[in-house]
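Trainee: Just passing along the structure, written as structure tokens.
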Amino acid sequence: MEMKHPRSSSPVILSSAIEPQSLRPADVERLHLDSHPRLAPEEALALLAERPGASFWIPATGEFVLVTPWRHRFELATVHTFGAFANEDRLLNAAMAHARDTGSAGFVVVDINETRQPSFYVRHGLRRIEDIVTYEHRRPARLASAAVESGLEFRRVESSDPGLLREVLDLDHEAFPWFWWNSPEEFRAYLQYPGVEVWAGIRGGDVVAYSGSTRYRRWGHLDRIATRPDLQGGGIGRAALTFAARMMMRRGCRRIALSTQGNNGRSRGLYDGTGFVRTPMDDYGVFVAPYNDSLVYAGMTR
């Protein structure tokens, strides 16, 4: 509903008209996404189907927040895209209330490419759960050519090999805190992404390490690397890293980047010791409003 101020020709939107409403597939055509820099209408429709009822918009202004499962995990919700300029707080409050009321363990907001003030996170009850630090290797040929003796056999992980995928998932859950676990759905979606390769390091018939990377033409990103916790410090992580670099080099990559948790001293020591350099301008934070502390912080040092 609109009304005009007696001394102005500009419409004034009444507060009752800017209450967020559930964003439905039929509403997407009214969001004017044709000019959106990061979200196409067909992508928005697909994302809405992942978590129905969790996204909101304001019909009077066209502002919206698109909410999806965090890493394809339905126990956590996250902001995928904000299309808001004046009513971001209203939209976020609605999305967070929905997540809490429908049993989510927490609501996640990532501040990558954002310039929000710390007060934004405080007033929404969002706590910084991780600082993500970034690295780049500008001479990956040197890393890829390193001689590493580990006794590992590397086998590519495919969706068509559910047994190997299950073993990699088990290792993933051993190596990382609950918040960072990959779900089976996350892995299946990841394996279908263009340029992705996942390799398992096998010794004595057991999966003891794995790496996942994505290739973007002549640039590669190491998305994930893990070693079985009881074998860390024995050179397996370095061997998996070297193998991943070799595979990316063979696919044409000339630079390799990665990110890791800021408090993960073991992984940061590995990267520092193998020629990676910090790229702090690309660092970012991960914030969470925890609705189930025992789950969200499981395995973490607080």
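Here, each number is a calculation from the coordinates, and none is a lab measurement. What you see is a predicted model; the values in this text were computed from it and never measured. For neighbour counting, all protein chains shown are included, and Cβ atoms are generated from backbone atoms with ideal geometry for every residue, glycine included.
Trainee: Using a Gaussian network for the chain with springs between C-alpha atoms less than 10 Å apart, which of these wobbles most: 26, 97, 141?
Mentor: In this elastic network of the chain, the residue with the biggest mean-square fluctuation among 26, 97, 141 is 26.
Trainee: Report, by chain and number, residues whose modeled amide H sits under 5 Å from the one on residue 130, excluding near sequence neighbours (fewer than 5 apart, same chain).
Mentor: Result for residue 130 returns 286.
Trainee: Output the relative contact order of the chain, whole-number percent, from Cα pairs under 8 angstrom with separation of 6+ residues. Kindly include the intermediate steps, with their values, before the conclusion.
Mentor: Working: 531 pairs, mean separation 63.2, N = 302.
Relative contact order for the chain comes out at 21 percent.
Trainee: Can you tell me which of 261-270, 209-218 comes out highest on packing, and rank the rest after it, using the mean Cβ neighbours within 10 Å?
Mentor: 209-218, 261-270
Trainee: Describe numerically, in nm with one decimal, the distance between label points set 7 Å from Cα along Cα→Cβ at residue 173 and at residue 185.
Mentor: So the label points at residue 173 and residue 185 sit 1.6 nm apart.
Trainee: While we're on this one: Under the rule of -39500 (n - 2.57) per DSSP H run of 4 or more residues, summed and divided by the residues of the chain, what mean residue ellipticity at 222 nm is obtained, to the nearest 500 deg cm²/dmol? Don't skip to the end; give the middle numbers.
Mentor: Working: 9 runs with 84 residues, N = 302.
Helix-only estimate at 222 nm: -8000 deg cm²/dmol.
Trainee: Please list 68-74, 32-38 highest first by mean number of surrounding beta-carbon atoms within 10 Å per residue.
Mentor: Top of the packing list down: 68-74, 32-38.
Trainee: Here's another thing I want to ask about it. I'd like the distance between the alpha-carbon centres of segment 13-77 and segment 115-167, rounded to an integer number of Å.
Mentor: So the separation of the two Cα centres works out to 29 Å.
Trainee: I've got another one for you. Output ³J(HN,Hα) for segment 236-253: one whole-Hz value per residue in order, computed from phi by the Karplus curve 6.51 cos²θ - 1.76 cosθ + 1.60 with θ = phi - 60°, and x for Gly and Pro.
Mentor: Result, ordered by residue: 5, x, 5, 5, 5, 5, 4, 5, 4, 4, 4, 5, 5, 5, 5, 8, x, 6 Hz.
Trainee: Using each residue's phi in segment 154-169, evaluate 6.51 cos²θ - 1.76 cosθ + 1.60 at θ = phi - 60° and report the 3J(HN,Hα) Karplus result to the nearest Hz, with x for Gly and Pro.
Mentor: 3J(HN,Hα) across segment 154-169, in whole Hz: 9, 10, 6, 8, 10, 4, 6, 10, x, x, 5, 4, 5, 5, 5, 4.
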